[in-house]
Amino acid sequence: MATLTNPTGAPHATVLGVGAYRPRRIVPNAEVVDAIDSSDEWIQQRSGIKTRRWAEPDETVQMMSVEASRIALERAGLDAQQIDCVVVATVSHLLQTPAVAAAIAHELGTEQAAAFDISAACSGFCHGIAMASDFVRAGSARHVLVIGVERLTDILDLTDRGTAFIFADGAGAAVVGPSDTPGIGPVVWGSDGEQFDLIRQREDWRDVVGNPETPGSGVMPHLTMQGNPVFRWASFSMAKIGQQALDRAGVSLDELDVFVPHQANMRIIDAMARAMKLPERVRIARDVADQGNSSAASVPLALERMIAEGEARSGDTALLIAFGAGLSYAAQVVVVP
Ligand code: UT7
């Protein structure tokens with residue numbers, strides 16, 4: 001029997017650069033309230049959202065991803081040819097196949113990088129960072145581009161009171177590469193399929209198209225969410241996951257500088273910070289107020305903003321945590337590039 005070679009990669013992996021693309025259009029609560037019989041006051045009180053970014057027709061999943069990636073590459077000091085794997089986390093690329101990652105890798109000018117999409121909803125970016133870190137350390141890739149991107153407005157029912165005011169569009173990207181010291185801690189991730197139906201595409205494509213016996217709805221299958229059970233699950237369970245990610249990375253609360261939770265709802269962010277007993281000193285991402293909840297894009301958008309505004313500084317220790325449909329979740333500690 002042949003003995004296969006078993007190459008290994010870099011001793012450690014780290015985030016080398018982060019980039020973002022926010023759609024141009026800023027949509028205040030006043031623009032969404034009439035269709036859902038709501039008010040600016042209710043939305044701000046329940047979610048902390050004042051405005052959200054919604055993409056215009058030219059701001060496609062591919063276009064936003066390429067823009068965010070170019071910035072991440074430049075900040076990492078790398079050319080696209082040095083990227084050998086592109087991982088795109090999204091649930092709103094509307095072509096079922098092929099993966100949008102291949103088109104993005106091509107438009108960026110990679111040398112035929114491995115490219116694929118992952119579907120883990122709001123937690124997809126943190127899943128991607130975990131995979132990228134493992135790829136770099138195992139030798140499967142030297143530099144991995146991880147993108148979280150959504151154009152959720154394509155799958156939003158703007159008359160649905162439970163989702164229309166909360167979700168948004170955008171793209172964030174991070175380059176992961178080799179390092180002499182650990183820059184990405186072990187992931188803590190999981191899923192609770194018992195709650196599969198809490199956030200989901202309303203119906204599958206066959207129900208839209210129909211068959212000879214049953215006519216299809218002919219209506220775009222929108223995103224639905226039972227917000228309150230998700231809210232309770234996230235507020236009570238995710239703090240433990242965040243603490244586990246800190247423990248697995250060997251980082252104490254006193255050593256934590258930055259907290260970048262999924263930007264789902266300001267009340268969830270506050271509840272998690274309280275439950276984790278984060279010291280006052282820890283700077284907390286609060287991008288949801290102006291950006292809304294952009295699912296897979298929310299963590300990289302929030303992190304990029306903190307870096308751009310000087311709230312997260314190079315060398316800082318940051319806890320990333322994201323959660324959503326599945327229900328799925330992932331968390332890890334990273335060193336800010
Ligand atoms: O990103 C993926 C993960 N997603 C999340 O983490 C989102 C989690 N969920 C949430 O953020 C919150 O559940 C929402 C912000 C979506 C809703 O806040 P809530 O505090 O859970 O509100 P609720 O659904 O329990 O509704 C409270 C009340 C109800 O009225 P009654 O029964 O108390 O009279 C609703 O009928 O508010 C009413 N309501 C609304 N009122 C005005 C529900 N939706 C609206 C609305 N505008 N849009």
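Within the stretch 117-138, does at least one residue satisfy the condition of being over 19 Å from the mean Cα position of the chain (by Cα), polar (S, T, N, Q) and at pLDDT 95 or above?
Looking for residues that are over 19 Å from the mean Cα position of the chain (by Cα), polar (S, T, N, Q) and at pLDDT 95 or above, one finds none in the stretch 117-138, hence no.
Restricting to the stretch 141-170, name every residue that is within 16 Å of the ligand (Cβ to nearest atom), open to solvent by less than 20 Å² (accessible area, probe 1.4 Å) and among the small types (Gly, Ala, Ser).
148, 164, 168, 170
From the set of residues in the stretch 274-306 that are over 22 Å from residue 18 (Cα atoms) and buried (at least 18 other Cβ atoms within 10 Å of the Cβ), which is nearest to the ligand (Cβ to nearest atom)? I'd like the intermediate steps shown before the answer.
Restricting attention to the stretch 274-306, the residues satisfying the condition of being over 22 Å from residue 18 (Cα atoms) are 274-281.
Narrowing further to those that are buried (at least 18 other Cβ atoms within 10 Å of the Cβ): 276, 278.
Numbers: 276: 17, 278: 19 Å.
Selected residue: 276.
Just wondering, is there one or more residues in the stretch 314-335 that are open to solvent by 40 Å² or more (accessible area, probe 1.4 Å), charged (D, E, K, R) and either more than 16 Å from the ligand (Cβ to nearest atom) or not assigned by TED's automatic domain parsing to the domain that holds residue 230 (or both)? If you could, list the steps in order and put the result at the bottom.
Within the stretch 314-335, the first condition is being open to solvent by 40 Å² or more (accessible area, probe 1.4 Å), and the residues that meet it are 314-315, 329, 335.
Okay, now just the ones that are also charged (D, E, K, R), so none.
No: the stretch 314-335 contains no residue that is open to solvent by 40 Å² or more (accessible area, probe 1.4 Å), charged (D, E, K, R) and either more than 16 Å from the ligand (Cβ to nearest atom) or not assigned by TED's automatic domain parsing to the domain that holds residue 230 (or both).
Among the numbered conditions (1) open to solvent by 20 Å² or more (accessible area, probe 1.4 Å); (2) over 18 Å from the mean Cα position of the chain (by Cα); (3) within 16 Å of the ligand (Cβ to nearest atom), tell me where residue 91 comes up short.
It fails just one condition, (2).
Scan the stretch 265-283 and report the pairs whose first residue is closer than 20 Å to residue 49 by Cα and without any contact (Cβ under 8 Å) to a residue 24 or more places away in the chain and whose second residue is of a type outside the set (Phe, Trp, Tyr) and more than 15 Å from the ligand (Cβ to nearest atom), with Cβ atoms within less than 6 Å and a gap of 6+ or a chain change.
So the pair list comes out as 273/284.
Within the set of pairs 6 or more residues apart or between chains, which connect a residue that is under 18 Å from residue 23 (Cα atoms) inside the stretch 153-171 to a residue that is buried (at least 18 other Cβ atoms within 10 Å of the Cβ) and basic (Lys, Arg) with Cβ atoms less than 6 Å apart?
Once the first residue is under 18 Å from residue 23 (Cα atoms) and sits in the stretch 153-171, its partners that are buried (at least 18 other Cβ atoms within 10 Å of the Cβ) and basic (Lys, Arg) give 168/52; 168/53; 169/53; 169/151; 170/22; 170/53.
Out of (1) in contact with a strand residue (DSSP E or B) (Cβ under 8 Å, 6 or more places away or on another chain); (2) away from the ligand (no atom under 16 Å from the Cβ), what's the single condition that is false for residue 213?
Single failed check for residue 213: (1).
Go through the residues of the stretch 75-86 one by one and say whether even a single one is away from the ligand (no atom under 16 Å from the Cβ), on the phi < 0 side of the Ramachandran plot, without any contact (Cβ under 8 Å) to a residue 60 or more places away in the chain and open to solvent by 60 Å² or more (accessible area, probe 1.4 Å).
Yes; the residues of the stretch 75-86 include at least one that is away from the ligand (no atom under 16 Å from the Cβ), on the phi < 0 side of the Ramachandran plot, without any contact (Cβ under 8 Å) to a residue 60 or more places away in the chain and open to solvent by 60 Å² or more (accessible area, probe 1.4 Å).
Is at least one residue of the stretch 177-185 assigned to a loop (DSSP other than H, G, I, E, B), touching a residue at least 60 places away in the same chain (Cβ under 8 Å), open to solvent by less than 60 Å² (accessible area, probe 1.4 Å) and farther than 27 Å from residue 66 by Cβ? Talk me through it step by step, then tell me what you get.
Going through the stretch 177-185, the residues assigned to a loop (DSSP other than H, G, I, E, B) turn out to be 180-183, 185.
Retained after the next criterion (residues that are touching a residue at least 60 places away in the same chain (Cβ under 8 Å)): 180-183, 185.
This time we only want the ones that are open to solvent by less than 60 Å² (accessible area, probe 1.4 Å), so: 183, 185.
Restricting the remaining residues to those that are farther than 27 Å from residue 66 by Cβ gives 185.
Yes: the stretch 177-185 contains one or more residues that are assigned to a loop (DSSP other than H, G, I, E, B), touching a residue at least 60 places away in the same chain (Cβ under 8 Å), open to solvent by less than 60 Å² (accessible area, probe 1.4 Å) and farther than 27 Å from residue 66 by Cβ.
Within the stretch 242-272, restricting attention to residues that are under 19 Å from the mean Cα position of the chain (by Cα), more than 16 Å from residue 162 (Cα to Cα) and of a type in the set (Gly, Ala, Ser), which residue is farthest from the ligand (Cβ to nearest atom)?
Ranking the qualifying residues of the stretch 242-272, first place goes to 245.
Say we look at the stretch 97-140 and pick out the residues that are of a type in the set (S, T, N, Q), open to solvent by 50 Å² or more (accessible area, probe 1.4 Å) and in contact (Cβ under 8 Å) with a residue 12 or more places away in the chain; which of these is farthest from the ligand (Cβ to nearest atom)?
Step one: filter the stretch 97-140 for residues of a type in the set (S, T, N, Q), giving 97, 110, 112, 119, 123, 133, 140.
If we keep only those that are open to solvent by 50 Å² or more (accessible area, probe 1.4 Å) too, we end up with 97, 112, 119, 140.
From what's left, in contact (Cβ under 8 Å) with a residue 12 or more places away in the chain: 119, 140.
Working: 119: 14, 140: 30 Å.
Here the answer is 140.
Which numbered condition trips up residue 198, out of (1) open to solvent by less than 60 Å² (accessible area, probe 1.4 Å); (2) touching a helix residue (DSSP H, G or I) at 6+ places or on another chain (Cβ under 7 Å); (3) more than 16 Å from the ligand (Cβ to nearest atom); (4) in contact (Cβ under 8 Å) with a residue 40 or more places away in the chain?
Tallying (1) open to solvent by less than 60 Å² (accessible area, probe 1.4 Å); (2) touching a helix residue (DSSP H, G or I) at 6+ places or on another chain (Cβ under 7 Å); (3) more than 16 Å from the ligand (Cβ to nearest atom); (4) in contact (Cβ under 8 Å) with a residue 40 or more places away in the chain, residue 198 fails exactly one: (3).
Just name the residue that is surrounded by the most Cβ atoms within 10 Å (Cβ to Cβ) out of those in the stretch 217-241 that are over 24 Å from residue 186 (Cβ atoms), aliphatic (A, V, I, L, M) and more than 9 Å from the ligand (Cβ to nearest atom). Explain how you work it out, then say what you get.
Filtering the stretch 217-241 down to residues over 24 Å from residue 186 (Cβ atoms) leaves 217-232, 235.
Among the residues that remain, those that are also aliphatic (A, V, I, L, M) are: 219-220, 223, 225, 230.
Now drop any that are not more than 9 Å from the ligand (Cβ to nearest atom), which leaves 219-220, 223.
Details: 219: 11, 220: 14, 223: 23.
Across the stretch 217-241, the extreme among qualifying residues is 223.
In the stretch 4-53, what count of residues is obtained for those that are within 16 Å of the ligand (Cβ to nearest atom) and open to solvent by 20 Å² or more (accessible area, probe 1.4 Å)?
Start the filter on the stretch 4-53 by keeping residues that are within 16 Å of the ligand (Cβ to nearest atom), which leaves 27-53.
Next cut, open to solvent by 20 Å² or more (accessible area, probe 1.4 Å) only: 28, 30-31, 34-35, 37-42, 44-46, 50-51, 53.
Within the stretch 4-53, residues that are within 16 Å of the ligand (Cβ to nearest atom) and open to solvent by 20 Å² or more (accessible area, probe 1.4 Å) number 17.
The values are calculated or read from the model by the stated rules, or taken from the named source; none is laboratory data. Here the structure is a predicted model, which is why all the values come from computation and not from measurement. Don't worry about glycine lacking a Cβ; one is built from the backbone with ideal geometry, like all the others, and counts go over all protein chains shown. Each accessible area value is taken on the protein alone, full model and side chains, heavy atoms only, with ligands, DNA and RNA left out. Shrake-Rupley method; radii C 1.70, N 1.55, O 1.52, S 1.80 Å.
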